[in-house]
Amino acid sequence: MADLDFFVDVVVSGAVLGVGLTDSPGEVARTLGGDFAEDRGRAVMRRDYGVVEFSWARHPESDSWQATGFIVQAHRLASITAIEAFVDRYGPFGRQLPFMRLTAELDRLGYHLQEITDQADADYRRYWLAESRISLLVATTGYLGLVDAGDVWSISAPHPPERVAARRLGGQRQAVKDGLVHLLQLDEHQRRQWLDRRQPAPRERANWWLYLLLVIDQQLRDLSGRRTDWAELKLWLLRQGQARAVFNEADSAEKLAYFAADMRRSGVELAALPSADDIVRACLDAIPVGLHEVATLADRRDLGGLDRTQMRHFRQAKNLVSAAQWHLDEVQDTHLAAQVREWIAIKQRLV
């Protein structure tokens, strides 16, 4: 399949031709073109490029759109033609995407999908790739001649591990909340022991930790609750998640940056919250490539020659710069602020 590389690139990089969850409607249009159908409201917008759909949202009082997700509708290949930008880059597209071919190529490249199928899923099997936060739906039966059993139905981002964890741990929801309430009362040593006794095997560990954070987020939305105590607990869990290698350096820096921005916007004061300088420095330190190593859409080099590791690194750089950007106005170190501005200047052109 000449188009197999397209789907592998989407799964590995978490983006479509280099655009994804940090890109504005204008940035996506510059890459994919202006041939799309638009469904637009005051606060939400969806653009349909046939095989691919992008969506955004914004605050009712804002003019700035924030990406909320994209989905590659692989099942549509049987009835529509891929847009010119895809064909120019990858060649002709087939009518179906067999999951076995896709996963075999991913395995060969060293990327292994994790199955997260829920018992309630009768028509699909679900998979995800932690590195790129991408999820896949695979049909278990044929459907109207569009797909056969075992074909990929769709590939989407962001993968919602919190929702997967919520389905798997739904019966334990109150028990988890009660455990976290108890955790609020414990000292550092006792908290570590609590985690040691309860965290599951490595295969389930990331979802379990994300579910803990999700429950805490729900408590933080309760304006009448102990928001400062819950915020302190989330900060502690984020740090423990990195120390225990549940979250890698990049994920930890990004999560901390968005958490700190949310707390400052909502007026929650935390003495232990890192400074803007520390948060931004952590984001920049986690970027896996240097500023002068990145490929941009304006480069003369053949972008088709980039390997998937490079594409994933460039996408990671874009995500981390977006997270750091929320704290730029509070940065005291002028040299650090200048570094951030250099990255911001090139962010929109990152592959």
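Relative to the longest principal axis of the Cα atoms of the chain, the long axis of helix 334-347 lies at roughly 30 degrees. Solvent-accessible area per residue in the chain equals 49 Å², computed with a 1.4 angstrom probe and all protein chains kept.
Ligands, DNA and RNA excluded, the heavy atoms of residue 13 present near 10 Å² of accessible surface to a 1.4 Å solvent probe.
Here residue 177 is the anchor, and the lysines within straight C-alpha reach of less than 22 Å, apart from those fewer than 8 places off in the same chain, are 234, 255. Over the chain, dividing the summed -39,500 (n - 2.57) contributions of all DSSP H runs of at least 4 residues by the number of residues returns a 222 nm mean residue ellipticity of -14500 deg cm²/dmol. Once the Kirkwood radius over Cα pairs is known for the stretch 1-118, the Stokes-Einstein relation at 4 °C and 1.567 mPa s delivers a diffusion coefficient of 84 µm²/s.
Residues considered: 97, 186, 32. Largest GNM mean-square fluctuation over the chain, using C-alpha springs under 10 Å, is found at 186. Kindly give Rg over Rh for the chain, based on alpha-carbon atoms, with the Kirkwood expression for the hydrodynamic radius. When Rh is taken as the Kirkwood radius, the ratio is 0.97. Calculate how large, on average over all directions, the projected area of the Cα convex hull of the stretch 59-163 is; give the answer in nm² to one decimal. Computed as one quarter of the Cα hull surface, the answer is 9.2 nm². Only protein atoms count toward the accessible area here, which uses a 1.4 Å probe; on the chain, the carbon and sulfur part of that area reaches 47 percent. Averaging Cα coordinates gives a centre for the stretch 129-157 and one for the stretch 8-81; these two points are 18 Å apart. Taking the Cα centre of the chain as reference, the dipole from Cβ charges on Lys and Arg (+1) and Asp and Glu (-1) amounts to some 660 debye.
In the chain, once you exclude exposed trypsin sites (Lys or Arg not before Pro) (DSSP loop, at most 16 other Cβ within 10 angstrom), what's the longest stretch remaining? Of all site-free stretches, the longest is 96-220. Under the convention that each Lys and Arg Cβ holds +1 and each Asp and Glu Cβ holds -1, the size of the dipole of the stretch 58-103 around its Cα centre is about 340 debye.
The values are calculated or read from the model by the stated rules, or taken from the named source; none is laboratory data. Everything numeric here is computed off the predicted structure, so don't read it as measured data. When we count neighbours, we look across all protein chains shown, and the Cβ atoms used for this are built from the backbone with ideal geometry, even at glycine. When the accessible area is computed, the model is the full protein with side chains, heavy atoms only, and any ligands, DNA or RNA have been set aside. Shrake-Rupley method; radii C 1.70, N 1.55, O 1.52, S 1.80 Å.
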